[in-house]
Amino acid sequence: DVAYLRSVLPSTTEDAFFDFLATLDASEVTVSAVPEGSVVFARVPFLQVKGPLLVVQLLETTLLCLVNYASLVATNAARFRLLAGPDVKLMEMGLRRAQGPDGALSASKYSYIGGFDSTSNILAGKLYGIPVRGTVAHSFIMSFTSLEEVQPRELSPLAGGQPVDFLALAVSWLQQVCELLQTPPEKVNQGELAAFVSYAITFPKDFQGLLDTYCVRRSGLPNFCAVALALHQLGYRAIGVRLDSGDLAQQSKEIRQVLRACGARFQVPWFESIPIAVSNDISEQSLEEFCREGNEIDMIGVGTNLVTCPLQPSLGCVYKLVEVNGSPCLKLTEDEEKMTIPGIKMIYRLYDAAGHPFMDLMALEEEASPSAGQELVVHVLGQLGETSKVMPTTVEPLHRTYFRDGQVCEPLPSLPEVRSHAQVSLSRLSPAHRRLHEPQPYPVALTEKLHHLLTKLQQASQ
């Protein structure tokens with residue numbers, strides 16, 4: 001590395017500098033942060049790095065790279081989860097649209113933290129232990145053109161016994177289903193039926209149907225019901241259907257109606273609760289429309305609008321110097337939102353009697369921790385010229401020290417633990433702060449002592 005740096009830095013760079021670089025290590029660096037999966041608000045420092053100036057400067061780009069996209073995707077995923085509600089299963093399906101394989105893996109990992117239930121990215125499943133889910137591809141169904149292509153044709157009952165000609169069984173059920181649905185049997189696509197039968201023979205315990213390769217009502221749905229009923233006759237249960245085009249909410253209601261009718265007509269009670277999955281460029285707006293229209297959707301696959309974060313393509317976290325050799329410093333700007341808050345700080349989250357956080361408070365490191373039930377005089381960012389009084393019911397220090405003297409000093413949580421913590425953090429927010437449209441601004445404030453330091457440094461810089 002040092003040899004490469006010699007080749008790209010100016011030739012006048014002193015040899016002693018390269019010798020110095022070769023001696024650098026992390027033993028003098030201390031890193032404190034909010035626990036992974038925590039809700040963090042604008043202007044609140046969520047990572048604090050102490051150490052020799054050159055070392056902590058070298059860490060800037062790496063840390064921002066690791067944090068920005070990860071936090072952005074987790075936040076985007078959390079928004080989808082809030083809109084979908086707690087009961088709908090969410091599948092991350094963005095691998096084909098992600099920004100390269102590294103971006104795809106990060107998206108799979110951090111969308112899981114944000115609240116998604118599974119991923120279609122099998123490498124992410126292998127590396128991170130995320131549940132892997134997927135559905136049948138259109139190309140698989142289109143690769144069949146006739147029933148003669150079904151090989152093998154037989155399937156043994158779940159309970160054991162002689163193999164049955166499963167293709168013939170499915171065809172016989174198709175006649176009954178078409179009669180119930182008043183659908184002409186000749187309108188059913190034979191290649192689609194062959195694909196469904198072949199898939200069911202191969203995966204009888206995991207059969208699912210992709211219904212919209214041709215026509216959902218005239219072909220996909222009758223074919224699925226016929227194969228699912230044939231499986232039921234042999235002791236198996238189909239696990240779901242998927243839609244990938246059209247009016248997904250309306251179609252889900254129509255499909256549920258058909259499944260209920262089949263379940264009642266053929267005395268198969270579980271049929272009416274077969275899960276319905278949807279995909280097709282799902283966005284936040286899509287989920288809002290599903291809610292408005294009403295739907296029978298049990299599972300949603302989200303790809304492009306999850307992993308590319310089109311509503312906000314970058315997060316914009318920054319890494320700023322706040323103290324050098326014991327002297328606080330700040331970046332001064334006319335835009336208050338871009339002005340840094342000086343000094344080494346402690347961050348406290350203040351909770352109300354209902355258990356909701358209502359303010360994050362920044363204090364200098366040497367200040368005594370605020371106490372529950374203690375009245376505090378604070379200066380809210382955006383209103384720094386005024387003071388406010390608050391009395392928290394509970395006070396939570398946000399930062400923990402994770403790295404000191406070259407060693408990890410706090411046990412790092414597993415991915416499922418981070419995911420669980422993220423959901424708990426979101427659930428604690430008051431509805432006014434959690435809503436996605438016109439949320440109530442969450443206040444971040446300074447103690448009087450920190451505000452005094454900020455004012456003093458501002459005046460000294462004028």
> For region 285-303, how many residues are open to solvent by less than 30 Å² (accessible area, probe 1.4 Å) and either not aromatic (Phe, Trp, Tyr) or not assigned by the TED database to the domain that holds Leu259 (or both)?
Replying inline: 8
>> Cβ-Cβ under 7 Å, sequence separation 6+ or interchain: first residue in region 125-153 and in contact (Cβ under 8 Å) with a residue 40 or more places away in the chain and of a type in the set (Lys, Arg), partner open to solvent by less than 50 Å² (accessible area, probe 1.4 Å) and not in a helix (DSSP H, G or I). Which pairs?
In response: Arg133/Met91; Arg133/Ser118; Arg133/Ser120
> Mind checking whether some residue in region 217-239 is under 28 Å from Asn121 (Cα atoms), out of contact with any Pro (no Cβ under 9 Å at 6 or more places or on another chain), in contact (Cβ under 8 Å) with a residue 40 or more places away in the chain and open to solvent by 10 Å² or more (accessible area, probe 1.4 Å)?
Replying inline: no
>> Could you tell me how many of the residues in region 316-358 are open to solvent by 50 Å² or more (accessible area, probe 1.4 Å), small (Gly, Ala, Ser) and more than 22 Å from Thr393 (Cα to Cα)?
In response: 3
>> Here is a list: Leu311, Leu315, Leu332. Which entry is in contact with a Lys or Arg (Cβ under 9 Å, 6 or more places away or on another chain) and either under 30 Å from Arg96 (Cβ atoms) or at pLDDT below 95 (or both)?
In response: Leu311
> Would you call Glu186 surrounded by fewer than 22 Cβ atoms within 10 Å (Cβ to Cβ), under 31 Å from the mean Cα position of the chain (by Cα) and either among the hydrophobic types (A, V, I, L, M, F, W, C) or not in a loop (DSSP other than H, G, I, E, B) (or both)?
Replying inline: no
> Does Ile282 meet the test of being within 13 Å of Val241 (Cβ to Cβ) and crowded, with 18+ Cβ neighbours inside 10 Å?
Replying inline: no
> Yes or no: Gly94 assigned by the TED database to the domain that holds Leu287, open to solvent by 10 Å² or more (accessible area, probe 1.4 Å) and either over 24 Å from Lys205 (Cβ atoms) or outside any helix (DSSP H, G or I) (or both)?
Replying inline: no
> If you take the residues in region 335-344 that are of a type outside the set (S, T, N, Q), assigned to a loop (DSSP other than H, G, I, E, B) and within 17 Å of Ala42 (Cα to Cα), which one is modelled with the lowest pLDDT?
Replying inline: Asp335
> Of the residues that make up region 266-281, is at least one among the acidic types (Asp, Glu) and either touching a strand residue (DSSP E or B) at 6+ places or on another chain (Cβ under 6 Å) or outside any strand (DSSP E or B) (or both)?
Replying inline: yes
>> If Arg242 satisfies all but one of (1) without any contact (Cβ under 8 Å) to a residue 12 or more places away in the chain; (2) in a strand (DSSP E or B); (3) not acidic (Asp, Glu), what's the number of the condition it fails?
In response: (1)
>> With among the aliphatic types (A, V, I, L, M) and either closer than 30 Å to Asn280 by Cβ or loosely packed, with under 12 Cβ neighbours inside 10 Å (or both) as the only criterion, which of Leu361, Leu398, Leu306 stands out?
In response: Leu306
>> Residues to consider are Pro370, Pro397, Pro411; find the one that is within 30 Å of Ser118 (Cβ to Cβ) and either without any contact (Cβ under 8 Å) to a residue 40 or more places away in the chain or in contact with a strand residue (DSSP E or B) (Cβ under 8 Å, 6 or more places away or on another chain) (or both).
In response: Pro411
> What's the number of the condition Gln267 fails, among (1) surrounded by 13 or more Cβ atoms within 10 Å (Cβ to Cβ); (2) under 30 Å from Arg218 (Cα atoms); (3) modelled with pLDDT of 95 or more?
Replying inline: (1)
> Quick one: which of Ala124, Ala137, Ala42, Ala70 is farther than 30 Å from Phe20 by Cβ and surrounded by 22 or more Cβ atoms within 10 Å (Cβ to Cβ)?
Replying inline: Ala124
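The values are calculated or read from the model by the stated rules, or taken from the named source; none is laboratory data. Bear in mind that the values here come from a model prediction, so they are computed numbers and not experimental data. Here Cβ is always computed from backbone atoms with ideal geometry, including for glycine, and neighbour counts include all displayed protein chains. Side chains included, ligands, DNA and RNA excluded: accessible areas come from the protein's heavy atoms. Shrake-Rupley method; radii C 1.70, N 1.55, O 1.52, S 1.80 Å.
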